[in-house]
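As structure tokens, the structure follows; a few thoughts come after it.
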Amino acid sequence: MSEQTLTITDNRTGQTVELPIEHDTIPAIGLRQLKVQADDFGMMVYDPGYTNTASCKSRVTFVDGDRGILRYRGYPIEQLAEKSTFLEVAHLLLFGELPEASKLTDWNARVMAQTEIDQGLKALLKTFRADAHPMGILVSTVGAMSALYPDSKQVHDGQSRLQQAVRLLGQLPTAVAFAYRNQLGLPSTDPDGALGYSDNFLHMMGLSGDGEVDPVLARAMDVLFILHADHEQNCSTSALRNIASSDADPFCAIAGAIGALYGPLHGGANEAVLRMLAEIGSTKNIPAFLDKVKNREVRLMGFGHRVYKNYDPRAQIVKKIAYEVFEVTDTNPLIDIAVELEGTALEDDYFVSRRLYPNVDFYSGIIYQAMGFPVEIFPVLFALGRAPGWLAQWMELMSDAEQRIARPRQIYLGEAERPYLSMDERG
Ligand code: CMC
């Protein structure tokens, strides 16, 4: 018997199957041989939330949740956050390698040349109410790009894929800033392709005061984008892969990913953390708040992760950036509540025994708020950072010959066949 196999005995029948092991996984379809009756459907795995199911083979991002490790294309996140720019990381994610100097110059220029948005998109963005949530607007923006760029349907053409990626990376910050300023009733600020990616974004948002964007803030934004740039098969990326597996165009697939990101258990957590900290209001209220968490009345937002059972390496970097940003902006008093909340939780058996640590969203909102962003826009900032990761995962999916349309199974527990009831037979 080969050593690289798993032998499973079905104790209902005594039937044995031997399945190949590759990369510590077995092909789920192999279980279908296990049947009690010849006409049975066969054995499946039941995995709500996909806690133990690998849906793809990927070469983009590596996460070791037990050891708190995150790498893009093999490079540790700590090194990328210290040394790289966001567009450099986008290149790394999309093409697999850090660009040489001349290639980076070309890449930056290529993306920044795409920062103008279409007049039709501007007209659409003007139709949203002043109180519309920016994530709803973002879903619509990216969905509208599908309508604006019908050539994006050529999903099997590598050149076309790249063209859509550059469009999205270039235009997304402009559309976000345009929608934001429109909601405030302010005139829009044109993109400046001569600026760096994050400088230009802060400039268009109008968060630079009267003068130039402070380089500390532009760098902080860039690093926050880098930290969010990819996180392998999370909820939104899986949503994207599911949608794109039907050969839908990338804008529709990314609009769906943004929808998945919006929820407070995922990218909406940064907004929820800020609201939670504001509600706690003072460090003296922390014990009472944590009691509510332990009584399961509320969740400690920004804590816990499906994969990390150790400190999220991104959270360590975000915490450090917070203090750098406060050197430039006024300090955000919520940082004191957050630090004490973290310290108290990490000494409490409820969190220790469940291995719950701060995640990337715990401190990011405090920085965004200090920089002048309104709370509602925080998940949009997550999405701007995640865009290259989504695009890289989409490109990988489209060139993966093993992938098929996503179509999970179910365990049907509903009614067996029964005859239709006429109206007077019901109730
Ligand atoms: N507060 C209190 N208890 C928690 C929390 C939390 N934030 N997270 C998990 N738990 C408990 C949970 O109640 C459960 O306890 P028990 O076994 O006694 O029922 C145990 O820990 C395991 O939790 P789970 O819900 O089964 O874990 P999951 O892997 O399904 O969920 C999570 C992961 C991130 C959705 C969850 O930890 C959570 O809701 N965190 C708060 C929201 C948040 O910060 N999300 C951002 C995630 S990082 C950014 C990104 O989305 O990529």
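The table for this structure:
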item: Folded to 0 to 90 degrees: helix 158-183 orientation relative to the chain principal axis, Cα; result: 50 degrees
item: Neighbour-limited loop hits for trypsin sites (Lys or Arg not before Pro), segment 113-158 (at most 14 other Cβ within 10 Å; DSSP other than H, G, I, E, B); result: 126, 129
item: Among 242, 61, 164 - extreme Cα towards positive end, dipole of the chain, charges at beta-carbon; result: 242
item: Degrees, to the nearest 10: 134-148 long Cα axis against longest axis of the chain; result: 80 degrees
item: Surface per residue (accessible, 1.4 Å probe) for the chain, Å²; result: 50 Å²
item: All Cα pairs of the chain, percent lying beyond 41 Å; result: 23 percent
item: Portion, in percent, of the accessible area of the chain that falls on carbon or sulfur, probe 1.4 Å; result: 51 percent
item: Choice from 155, 36, 60 with maximal GNM fluctuation in the chain (Cα, 10 Å cutoff); result: 36
item: Partner lysines for residue 309 [C-alpha distance under 20 Å; skip if fewer than 8 residues away on the same chain]; result: 294, 319
item: Rg in Å to one decimal, and Dmax rounded to a whole Å, for segment 188-329 via C-alpha atoms; result: 18.3, 53
item: Residues whose placed amide H lies under 5 Å from that of residue 5, excluding near-sequence neighbours; result: 21
item: Nearest-ten-degree value, helix 361-371 long axis tilted from longest Cα axis of the chain; result: 20 degrees
item: Förster radius 51 Å - calculated FRET efficiency between residue 186 and residue 104, Cβ distance, rounded to 0.05; result: 0.95
item: 5 angstrom amide H check on residue 304, placed H, neighbours 5+ away; result: 357, 359
item: Dipole of the chain, positive direction: furthest Cα of 134, 283, 174, with charges on the beta-carbon; result: 134
item: Globularity index of segment 51-97, i.e. its alpha-carbon radius of gyration over 2.2 N^0.38 Å; result: 1.25
item: Positive-end residue of 366, 338, 403, charge dipole of segment 330-404 with Cβ unit charges; result: 403
item: The chain, dipole about Cα centre (Lys/Arg Cβ +1, Asp/Glu Cβ -1), debye to the nearest 20; result: 620 debye
item: Listed residues 275, 314 arranged by accessible area, highest first, probe 1.4 Å; result: 275, 314
item: Among 318, 45, 360: highest mean-square fluctuation, GNM of the chain, C-alpha pairs under 10 Å; result: 45
item: Column: log10 I(q)/I(0), Debye, Cα scatterers of segment 221-272, q = 0.16, 0.17, 0.22 Å⁻¹; result: -0.49, -0.55, -0.83
item: Computed [θ] at 222 nm, deg cm²/dmol, the chain (DSSP H ≥ 4; -39,500 (n - 2.57); rounded to nearest 500); result: -15000 deg cm²/dmol
item: Largest-first ordering by accessible area, 1.4 Å probe, given options 331, 5; result: 331, 5
item: Euclidean distance between Cα centres, segment 42-94 to segment 282-330, Å; result: 22 Å
item: Top of 412, 363, 75 by mean-square fluctuation, Gaussian network on the chain, Cα under 10 Å; result: 412
item: The chain: relative contact order as a whole-number percent, Cα under 8 Å and 6+ apart; result: 19 percent
item: Heavy-atom accessible area order for 420, 149, 50, largest first, 1.4 Å probe; result: 420, 50, 149
item: In segment 319-427, trypsin sites (Lys or Arg not before Pro) in a DSSP loop with at most 15 other beta-carbon atoms within 10 Å; result: 354, 355, 404, 409, 426
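The values are calculated or read from the model by the stated rules, or taken from the named source; none is laboratory data. Being a predicted model, the structure only gives us computed values, none of them experimental. Please note: Cβ atoms are built from the backbone with ideal geometry, for glycine as well, and neighbour counts cover all protein chains shown. Side chains included, ligands, DNA and RNA excluded: accessible areas come from the protein's heavy atoms. Shrake-Rupley method; radii C 1.70, N 1.55, O 1.52, S 1.80 Å.
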